[in-house]
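Take a look at the structure set out below.
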Amino acid sequence: MYYAGSYVLTSDRVCKALLRFCRALAQNATSDVVSVPVITEGGSRAYAHFLVGPASQIFSTPVENSPDEPFDADVVRDLEERTRLLHPSAPSWPDEMLDVPDLDIDLDFDRSL
């Protein structure tokens, strides 16, 4: 994950949860501080703290043959809950529901009523 001209290594699930939270923050024009598990330059595990919000320039890329990725299920649950609170009416499924076909329905409303 790249942030503020540097990068950290974290798990895919943590990164995706953080990106979804960042998107929700941007859509709500607010910011927050988050802590996520990372692997440091020296190879040890730690928690990195990020200030994220509408102006955050954060992105991720996969790392081939990466060492054991730092993962914390509590961090993912917290980020997902914080995201849900910003979008309480959003569906609980991901946008990438490729196994569910779109409906081809032509709704013809009688506008004369």
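Figures for the structure shown
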| read-out | value |
| --- | --- |
| Dipole magnitude of the range 31-84 about its Cα centre (Cβ charges: Lys, Arg +1; Asp, Glu -1), debye to nearest 20 | 160 debye |
| With every protein chain in place, the range 28-67: carbon and sulfur % of accessible area (1.4 Å) | 52 percent |
| Charge context of A73, other residues only, Cβ under 11 angstrom, K/R +1, D/E -1 | -2 |
| Karplus-derived 3J(HN,Hα), 6.51/-1.76/1.60, for each residue of the range 16-27, Hz, glycine and proline x | 5, 5, 5, 5, 5, 5, 4, 4, 5, 4, 4, 5 |
| Per residue Cα convex hull volume in Å³ - calculated over the range 1-71 | 78 Å³ |
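The values are calculated or read from the model by the stated rules, or taken from the named source; none is laboratory data. Model, not experiment: these values are computed from the prediction. Methodologically, a virtual Cβ is constructed for each residue, glycine included, from the backbone with ideal geometry; neighbour enumeration extends over all protein chains shown. Please note that ligands, DNA and RNA were not included when accessible areas were found on the heavy atoms of the full protein model with its side chains. Shrake-Rupley method; radii C 1.70, N 1.55, O 1.52, S 1.80 Å.
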